[in-house]
Amino acid sequence: MDFALEPDENKYLKGSILMIQNLAGNLALVTSREPLKVSFEQVMKSFFDQLNMDPNMKQDMMQTVTADNLDLGCALIKKAVVEKAVEEVRQD
């Protein structure tokens, strides 16, 4: 939709918010996924190193826990980034 000649400011604001939600959310996912995965793996490794377990079992558990929690962590980051971006758009 082209907003160049749109007289209704609310439509312009709604379009801006939808655009910034999509852009900010996807950018947050792309930039945070790998660092979050590395961080999860480091924390899990240090935790499982304290346990007396088979190294293969530790590796499997570390990968499983990381995979199970990575999507949740990314969703929380995306939500926070989108909320902040929408707040910024509404202030301007």
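The values are calculated or read from the model by the stated rules, or taken from the named source; none is laboratory data. What you see is a predicted model; the values in this text were computed from it and never measured. Glycine gets a Cβ as well: all are built from the backbone with ideal geometry, and neighbour counts include every protein chain shown.
Numbers for the structure displayed
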| item | result |
| --- | --- |
| Selected residue (only one of Glu41, Glu9 is touching a residue at least 24 places away in the same chain (Cβ under 8 Å) and of a type outside the set (S, T, N, Q)) | Glu41 |
| Unique residue being in a helix (DSSP H, G or I) and either among the basic types (Lys, Arg) or at pLDDT below 90 (or both) when the list is Leu29, Leu51, Leu13, Leu23 | Leu13 |
| Region 57-90, subset under 30 Å from Gly15 (Cα atoms) and among the small types (Gly, Ala, Ser), residue nearest to the chain's Cα centre (by Cα) | Ala75 |
| Cβ-Cβ under 6 Å pairs, at least 6 apart or on other chains, region 72-88 side over 13 Å from Asn22 (Cα atoms), far side in a helix (DSSP H, G or I) | Gly73/Leu36; Cys74/Leu29; Cys74/Arg33; Ile77/Ala28; Ile77/Ser32 |
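Residue-by-condition table, conditions (1) within 30 Å of Ala80 (Cβ to Cβ); (2) loosely packed, with under 13 Cβ neighbours inside 10 Å:
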{"site": "Asn22", "(1), (2)": "yes, yes"}
{"site": "Leu27", "(1), (2)": "yes, no"}
{"site": "Arg33", "(1), (2)": "yes, no"}
{"site": "Ser46", "(1), (2)": "yes, yes"}
{"site": "Asn52", "(1), (2)": "no, yes"}
{"site": "Gln59", "(1), (2)": "no, no"}
{"site": "Thr66", "(1), (2)": "yes, no"}
